[in-house]
Amino acid sequence: MSTEVRQMFSSIATRYDVTNEVLSFGIHRLWRRTTVRLSGAKQGDSILDCATGTGDLALVWKRTVGASGRVVGTDFCPEMLQSAPAKAEQAGLQVEFQVADAMALPFADNSFDVASISFGIRNVDDPVKCLKEMARVVKPGGRVVVLEFGQPEGLFGALFRFYSKTIMPAIGGLLTGNRAAYEYLPRTAAAFPAGERFLALMDQADAYRERVAHPLTFGTSYVYVGTVR
Ligand SMILES: C[S@@+](CC[C@H](N)C(=O)[O-])C[C@H]1O[C@@H](n2cnc3c(N)ncnc32)[C@H](O)[C@@H]1O
């Protein structure tokens, strides 16, 4: 499973950013800023962004924690990481990037103030193991922050489902040449536990003393914030 996921992201890596921008109408930028705000991170904090991909969230983290803070972005797909260092340099931000699996992080216990994962946990083989592993590298009282798709309800939900099942694969396929990757996205997003059901996964990880779900854009996405025990 993880080999197929890695290959899929490798095949869309060079077109990932532009496709993300088009398919989300740029809203992913607002969601990332909200994620960072809800984490409570401050200047000087050390942050790990898992499954960082092309590094967009890592750059927002670095703007927040400033020069005295440390940001490390990791991903298990080297091709996805390829453009990240140049993007950071162009933005005048110092961010470290390295290849690592979010389920087996190469960091000591209690290394970071915050660990995050955006649109990544849906793709890992074992989300509970990942939530446990992220908590392991965060200091007690620090936060694990997850940004992931939800399943909006009502009229907006119906529109979103139509958009994600028909328009997203067509446009994603045109822009990346890999239509299957943009069929995978809505399929996995529709099946992945959201809201209370995701909080239950956080409970199963048995590593958090508090956890909160914040719906964004009528539940299209959620930010989950867990405080590490
Ligand atoms: C949809 S992209 C999200 C990238 C980025 N976080 C963002 O918000 O744009 C999912 C990323 O998760 C990475 N990924 C999936 N499973 C992973 C794992 N077990 N360990 C590390 N990265 C993983 C993929 O390589 C891909 O870069």
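The values are calculated or read from the model by the stated rules, or taken from the named source; none is laboratory data. Since this is a predicted model, take the numbers as computed values, not measurements. All Cβ positions, even for glycine, are placed from backbone atoms using ideal geometry, and neighbour counts span all protein chains on display. Quick note on the areas: whole protein, heavy atoms, side chains included, nothing else; ligands and nucleic acids left out. Shrake-Rupley method; radii C 1.70, N 1.55, O 1.52, S 1.80 Å.
In this structure, is Arg29 open to solvent by 20 Å² or more (accessible area, probe 1.4 Å), under 26 Å from Gly219 (Cβ atoms), within 13 Å of the ligand (Cβ to nearest atom) and not hydroxyl-bearing (Ser, Thr, Tyr)? For Arg29, the condition - open to solvent by 20 Å² or more (accessible area, probe 1.4 Å), under 26 Å from Gly219 (Cβ atoms), within 13 Å of the ligand (Cβ to nearest atom) and not hydroxyl-bearing (Ser, Thr, Tyr) - is met.
Summed over segment 200-229, the residues that are part of a helix (DSSP H, G or I) and either in contact (Cβ under 8 Å) with a residue 60 or more places away in the chain or under 20 Å from Pro140 (Cβ atoms) (or both) give a count of 8.
Counting only residues that are near the ligand (Cβ under 8 Å from one of its atoms), surrounded by 23 or more Cβ atoms within 10 Å (Cβ to Cβ) and of a type in the set (A, V, I, L, M, F, W, C), how many does segment 96-118 have?
Step one: filter segment 96-118 for residues near the ligand (Cβ under 8 Å from one of its atoms), giving 100-103, 117-118.
Applying the additional criterion that residues be surrounded by 23 or more Cβ atoms within 10 Å (Cβ to Cβ) yields 102, 117-118.
Subsequent filtering for residues that are of a type in the set (A, V, I, L, M, F, W, C) retains 102, 117.
Residues flagged as near the ligand (Cβ under 8 Å from one of its atoms), surrounded by 23 or more Cβ atoms within 10 Å (Cβ to Cβ) and of a type in the set (A, V, I, L, M, F, W, C) within segment 96-118 amount to 2.
Candidates Leu147, Leu131: the one that is hydrophobic (A, V, I, L, M, F, W, C), farther than 17 Å from Leu59 by Cα and either open to solvent by 60 Å² or more (accessible area, probe 1.4 Å) or at pLDDT 95 or above (or both) is Leu131.
For Gly53, the conditions (1) surrounded by fewer than 20 Cβ atoms within 10 Å (Cβ to Cβ); (2) in contact (Cβ under 8 Å) with a residue 60 or more places away in the chain are fulfilled apart from (1).
Could you please let me know if Thr52 is assigned to a loop (DSSP other than H, G, I, E, B) and near the ligand (Cβ under 8 Å from one of its atoms)?
yes
The set of residues in segment 153-182 that are open to solvent by 30 Å² or more (accessible area, probe 1.4 Å), aliphatic (A, V, I, L, M) and either assigned to a loop (DSSP other than H, G, I, E, B) or touching a Ser or Thr at 6+ places or on another chain (Cβ under 8 Å) (or both) comprises Ile171, Leu175.
Any chance you could count how many residues in segment 35-46 are within 13 Å of the ligand (Cβ to nearest atom) and either assigned to a strand (DSSP E or B) or surrounded by fewer than 19 Cβ atoms within 10 Å (Cβ to Cβ) (or both)?
So in segment 35-46, the residues within 13 Å of the ligand (Cβ to nearest atom) come out as 35-36.
If we keep only those that are either assigned to a strand (DSSP E or B) or surrounded by fewer than 19 Cβ atoms within 10 Å (Cβ to Cβ) (or both) as well, we get none.
Going through segment 35-46 one residue at a time, the tally reaches 0.
Conditions tested, residue by residue: (1) assigned to a helix (DSSP H, G or I); (2) under 30 Å from Ala190 (Cα atoms).
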{"residue": "Leu57", "(1), (2)": "yes, yes"}
{"residue": "Thr74", "(1), (2)": "no, yes"}
{"residue": "Glu79", "(1), (2)": "yes, yes"}
{"residue": "Gly92", "(1), (2)": "no, no"}
{"residue": "Phe107", "(1), (2)": "no, no"}
{"residue": "Val128", "(1), (2)": "yes, yes"}
{"residue": "Arg143", "(1), (2)": "no, yes"}
{"residue": "Val146", "(1), (2)": "no, yes"}
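Consider segment 59-72 and keep the residues that are in a helix (DSSP H, G or I) and not polar (S, T, N, Q). The one that is nearest to Cys130 (Cα to Cα) is Trp61. Look at Ala190 and say whether it is of a type in the set (Gly, Ala, Ser), within 16 Å of the ligand (Cβ to nearest atom), part of a helix (DSSP H, G or I) and under 18 Å from the mean Cα position of the chain (by Cα). It is true that Ala190 is of a type in the set (Gly, Ala, Ser), within 16 Å of the ligand (Cβ to nearest atom), part of a helix (DSSP H, G or I) and under 18 Å from the mean Cα position of the chain (by Cα).
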